[in-house]
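Engineer: Structure in structure tokens, see below.
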Amino acid sequence: MQGRVLLFCLFILSTSCFLIDQKIDIEVPSGYIGWVYVIPVKDTSGLDIQKVGGRYQINHNGVAYVPVSVLDIKKDSRVLAFEGSKDISADMRYAGSVYAVKDSGNEYEYIQFYFPSLKERKIADADEYWRNKSWEYRSKFDSLLETDSIVFK
């Protein structure tokens, strides 16, 4: 009897982990340097959503649009970044989900991360270097929003 209860608990645990673990793969060009914005969209009409090998590709502004049916920021989501078949997620800096309210009263939720130069990628994520450089690597989100280079639908 205890064996069945244990198996049932393990089944529930493994199933719930599977349901919670939401993973989004993003494709970036080789040697990409700059910000990436993963924008969840309800309405995909009129958007050029590009996929490469099952991964959402960023556009020339570093923006990847992902349908909300695939990405729910409020749930546990993992974003992984790839250059072709190589997982370069460890090279991300300043990664996280963002909730912003602008002066217009509009609310924005998205995921952002930064890819530094190839030389800087060798510096460990927890290194003091990144805390000292954070002011230099501010997000370009506001400028993209002002020029309508990012669309929220």
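The values are calculated or read from the model by the stated rules, or taken from the named source; none is laboratory data. Small disclaimer: the values here were computed from a predicted structure and weren't measured. Reconstructed Cβ throughout: ideal geometry from the backbone, glycine too, with neighbour counts over all protein chains shown. All accessible areas refer to the heavy atoms of the entire protein, side chains included, with ligands and DNA or RNA removed. Shrake-Rupley method; radii C 1.70, N 1.55, O 1.52, S 1.80 Å.
Engineer: Under the condition of being of a type outside the set (Ser, Thr, Tyr) and open to solvent by less than 10 Å² (accessible area, probe 1.4 Å), which residue from the range 35-66 is nearest to Val79 (Cα to Cα)? Can you show your working first?
Structural biologist: First pass over the range 35-66, keeping only residues of a type outside the set (Ser, Thr, Tyr): 35-36, 38-43, 46-55, 57-64, 66.
Checking which are open to solvent by less than 10 Å² (accessible area, probe 1.4 Å) leaves us with 36, 38-39, 41, 62-64, 66.
Working: Val36: 11, Val38: 9, Ile39: 12, Val41: 16, Gly62: 14, Val63: 13, Ala64: 11, Val66: 11 Å.
Among those that are of a type outside the set (Ser, Thr, Tyr) and open to solvent by less than 10 Å² (accessible area, probe 1.4 Å), it is Val38.
Engineer: Also, I was wondering about something else. Condition first: at pLDDT 85 or above and open to solvent by less than 70 Å² (accessible area, probe 1.4 Å). Now tell me which residues in the range 114-129 satisfy that. Even if it seems obvious, please write down each step before you answer.
Structural biologist: Taking the range 114-129 as the starting set, the residues that turn out to be at pLDDT 85 or above are 114-124, 128-129.
Tyr114, Phe115, Pro116, Ser117, Glu120, Arg121, Ile123, Ala124, Tyr129 - these are the residues of the range 114-129 that are at pLDDT 85 or above and open to solvent by less than 70 Å² (accessible area, probe 1.4 Å).
Yes or no, residue by residue, for (1) modelled with pLDDT of 90 or more; (2) of a type outside the set (A, V, I, L, M):
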{"site": "Cys9", "(1), (2)": "no, yes"}
{"site": "Cys17", "(1), (2)": "no, yes"}
{"site": "Gly53", "(1), (2)": "no, yes"}
{"site": "Val63", "(1), (2)": "yes, no"}
{"site": "Ala100", "(1), (2)": "no, no"}
{"site": "Asp103", "(1), (2)": "no, yes"}
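Engineer: How about the range 130-150: which of its residues are surrounded by fewer than 10 Cβ atoms within 10 Å (Cβ to Cβ) and either outside any helix (DSSP H, G or I) or hydroxyl-bearing (Ser, Thr, Tyr) (or both)? Steps first, answer last, please.
Structural biologist: Quick first cut of the range 130-150, residues surrounded by fewer than 10 Cβ atoms within 10 Å (Cβ to Cβ) only: 131-132, 135-136, 147-148.
Result: Thr147, Asp148.
Engineer: Leu80 - would you say it is open to solvent by less than 80 Å² (accessible area, probe 1.4 Å), outside any strand (DSSP E or B), touching a strand residue (DSSP E or B) at 6+ places or on another chain (Cβ under 6 Å) and modelled with pLDDT of 85 or more?
Structural biologist: Numbers: open to solvent by less than 80 Å² (accessible area, probe 1.4 Å): yes; outside any strand (DSSP E or B): no; touching a strand residue (DSSP E or B) at 6+ places or on another chain (Cβ under 6 Å): yes; modelled with pLDDT of 85 or more: yes.
Taking the combined requirement at face value, the residue does not satisfy it.
Engineer: While we're here: Residues that are in a helix (DSSP H, G or I), free of Cβ contacts under 8 Å to residues at least 24 places away in the same chain and not aliphatic (A, V, I, L, M): does the range 91-111 have at least one? Full working, then the answer.
Structural biologist: Quick first cut of the range 91-111, residues in a helix (DSSP H, G or I) only: 91.
Remaining after also requiring free of Cβ contacts under 8 Å to residues at least 24 places away in the same chain: none.
Checked the range 91-111: no residue is in a helix (DSSP H, G or I), free of Cβ contacts under 8 Å to residues at least 24 places away in the same chain and not aliphatic (A, V, I, L, M).
Engineer: Okay, moving on. Given the conditions (1) outside any strand (DSSP E or B); (2) without any contact (Cβ under 8 Å) to a residue 60 or more places away in the chain, which single one is not true for Ser117?
Structural biologist: That leaves (2) as the condition not met.
Engineer: Which residue, of Ala90, Ala95, is open to solvent by 80 Å² or more (accessible area, probe 1.4 Å) and among the hydrophobic types (A, V, I, L, M, F, W, C)?
Structural biologist: Values: Ala95 fails: open to solvent by 80 Å² or more (accessible area, probe 1.4 Å).
Answer to the selection: Ala90.
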